[in-house]
1. Looking at segment 78-95, which of the residues that are touching a residue at least 60 places away in the same chain (Cβ under 8 Å) and not in a loop (DSSP other than H, G, I, E, B) is nearest to His24 (Cα to Cα)?
2. Restricting to segment 53-81, name every residue that is surrounded by 15 or more Cβ atoms within 10 Å (Cβ to Cβ) and among the β-branched types (Val, Ile, Thr).
3. Of these, Gly12, Gly59, which one is modelled with pLDDT of 95 or more and small (Gly, Ala, Ser)?
4. Please specify each residue of segment 20-35 satisfying the condition of being of a type in the set (Ser, Thr, Tyr) and more than 15 Å from Thr67 (Cα to Cα).
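The values are calculated or read from the model by the stated rules, or taken from the named source; none is laboratory data. Since we're looking at a predicted model, the values are computed, not measured. Heads up, the Cβs are rebuilt from the backbone with ideal geometry, glycines too, and the neighbour counts pull from every protein chain shown.
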Amino acid sequence: MAIANSLQTSHGSRAPIDKPTRHHGTVHVIELRCKECNFCVQFCPEEVLEISDHYTPRGYRPARVKTGKEGDCIACRFCEHVCPDYAIYVVEDSP
């Protein structure tokens, strides 16, 4: 009986035990490493990234998080894996 009661939600119905949790993260770009390859922008499933308008001292336009999309990262880390220069990383937000 205690187990059945622990599955009850505040509305009286049972909560699904297999409901997947969705992770969120914060994308960080190391601008001096970024060489504007555009891989992170192309492979981001949530379209969180874009190429910025400003140039680095090396003459490249680094990637950046789109305005208004800061909270949309799902922490899939595709951007990390496709970046040839290790210029981008994701910090997973705590739940």
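1. By that ranking, first place goes to Glu92.
2. The answer is Thr56, Val65, Ile74.
3. When all the criteria are applied, what remains is Gly59.
4. Thr21
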